[in-house]
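*Asks:* Supplied in structure tokens, the structure appears directly below.
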Amino acid sequence: MRIASIDIGTNTFRLLVTEPGEGNSLQKLYVGREITRLGEGSGNGTRLIKPGAIERSLKALSGFSEIIRDLGVEKTRAVATSMVRESDNGPEFVKMVKNETGLPVEVITGEEEALLTVNGVLKSVTFDTPDCLIFDIGGGSTEYIYVKEGNVTNLTSTRLGVVCLTERFLSEEKESEAALSALGAHIEKKLAEGLSGFPSGGKGLTIIGTAGTPTSLAAVELGLRKYDADIVNNYTLTQDGIARILNTILGTPRAERAAIPGLEKGREDLIVSGTEVVLKTLGRFSVNEMVVSDAGLLEGVAYELLS
């Protein structure tokens, strides 16, 4: 059976078409993504999806719908995350998607998003510590899940999305030291509040990062001019290496950042906020490296469909 999973994120829309592989694996037939910036303007506190963002999103999803039909998909699940669930016109957007593309959209909670992400990540990466901390950096939120000896013991969804953070703190073309300092302080405050019930971390904990920021950081360090999921998945980034990448990015004007090998076009501004979330997360759990997972929510949805 061919199935399709769609992740309607605050910044990026992703499509995966797959069928059962050997064992419990996924045989990927098509992987696609479009940066739509659905959450444009959310950093200033707006609770509305803007008309331009809706137009871009409908165009992307219409393209996804055509691919799904062309590949003979039998079952599809499209899930929408923080921007749609928190916007006043989110229900209207869902109806528009159904009417114009034929795709039914399910708006999931932060907890559902986290659990689906765990399912995708743990089937894709390897580690040898008893515990792991998975975090999924999105455009509107970042989910944190603590897994102890195979069991989820803590999970939360925080308002640390890269679109929101960038629009609030780094809206200017030049990221000033004062703006970066304010951004860092805000992230630390939100982590202290949101992760207060989580273990302290340290030795015996593997940190796994998924979504656009971690995979972009790995691709940049590897110097990939063409993204390769097989190379990025399970790649280990160190705290020092991430800091060096951030310095390189900050030293490059936004208009020129797309030329940096590995940095996806459309992330020139967002990568700074995302990288700060990564560094502050490593600091919060006293770990100096992280494993990158190319898989996450999208794959979690696919595994659930196939089960």
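Any read-out appearing in this document is the output of simple, stated calculations on the displayed coordinates, not a laboratory observation. Everything quoted here is computed from the prediction, not taken from an experiment. FYI the Cβ positions are ideal-geometry reconstructions off the backbone, even for glycines, and counts take in every protein chain you see.
*Asks:* Test of the criteria: in the stretch 256-307, which trypsin sites (Lys or Arg not before Pro) are in a DSSP loop and have at most 15 other Cβ atoms within 10 angstrom of their Cβ?
*Replies:* K265
*Asks:* Mind listing which GluC sites (Glu not before Pro) in the stretch 44-74 are in a DSSP loop and have 12 or fewer other Cβ atoms within 10 Å?
*Replies:* E74
*Asks:* Count the net charge of all other residues whose Cβ sits under 11 Å from the Cβ of V107, scoring Lys and Arg as +1 and Asp and Glu as -1. Each step should come with its number before you reach the end.
*Replies:* Values: positive: R85; negative: E86, E106, E112, E113.
It works out to a net charge of -3.
*Asks:* Projected area of the stretch 110-195, taken from the Cα convex hull and averaged over every viewing direction, in nm²?
*Replies:* Dividing the Cα hull surface by four gives the mean projection, 6.5 nm².
*Asks:* Among E22, E256, E86, which one shows the biggest mean-square fluctuation in a GNM of the chain, springs joining Cα atoms closer than 10 Å?
*Replies:* E22
*Asks:* A further question on this structure: Roughly what % of DSSP beta bridges within the chain run antiparallel, to the nearest 5? Intermediate results must be reported in sequence, preceding the final value.
*Replies:* Details: 32 of 50 bridges.
Antiparallel bridges: around 65 percent, rounded to the nearest 5.
*Asks:* A further question on this structure: Dipole magnitude of the chain about its Cα centre, charges +1 at Lys/Arg Cβ and -1 at Asp/Glu Cβ only, in debye to the nearest 20?
*Replies:* Values: 32 positive and 42 negative charges, 68 e Å.
It works out to roughly 320 debye.
*Asks:* Still on this structure: Order 176-189, 208-221 from most to least packed using the mean count of other Cβ atoms within 10 Å. It would help to have the intermediate numbers written out before the result.
*Replies:* Working: 176-189: 14.4, 208-221: 25.9.
Listed from highest to lowest mean packing, they are 208-221, 176-189.
*Asks:* Select from M96, M290, M83 the residue whose mean-square fluctuation is largest in a Gaussian network model of the chain (Cα-Cα springs shorter than 10 Å).
*Replies:* Top of the fluctuation ranking is M96.
*Asks:* Label-point separation (nm) for K189 and E19, each offset 7 Å from Cα along Cα-to-Cβ?
*Replies:* Result: 5.3 nm between the two label points.
*Asks:* A further question follows. Skipping prolines and chain starts, which residues have an amide H placed within reach, meaning under 5 Å, of the one on T206, given they are 5 or more residues away or on another chain?
*Replies:* The answer is D131, C132, L133.
*Asks:* Something else: Tell me, how many Å apart are the Cα centres for the stretch 247-307 and for the stretch 30-103?
*Replies:* 22
*Asks:* Moving on. Using the Karplus equation 6.51 cos²θ - 1.76 cosθ + 1.60 (θ = phi - 60°), what ³J(HN,Hα) coupling, rounded to whole Hz, does each residue of the stretch 255-272 give in order, writing x for Gly and Pro?
*Replies:* Those phi angles translate into 5, 9, 5, 4, 7, 5, x, x, 8, 5, 4, x, 10, 4, 8, 6, 4, 5 Hz.
*Asks:* Given a cut-off of 29 Å, name the pairs among K203/K226; K174/K265; K148/K280; K98/K123; K148/K189 whose C-alpha atoms lie farther apart than that in the structure shown.
*Replies:* Values: K203/K226 35 Å; K174/K265 18 Å; K148/K280 21 Å; K98/K123 31 Å; K148/K189 25 Å.
In this structure, K203/K226; K98/K123 lie more than 29 Å apart at Cα.
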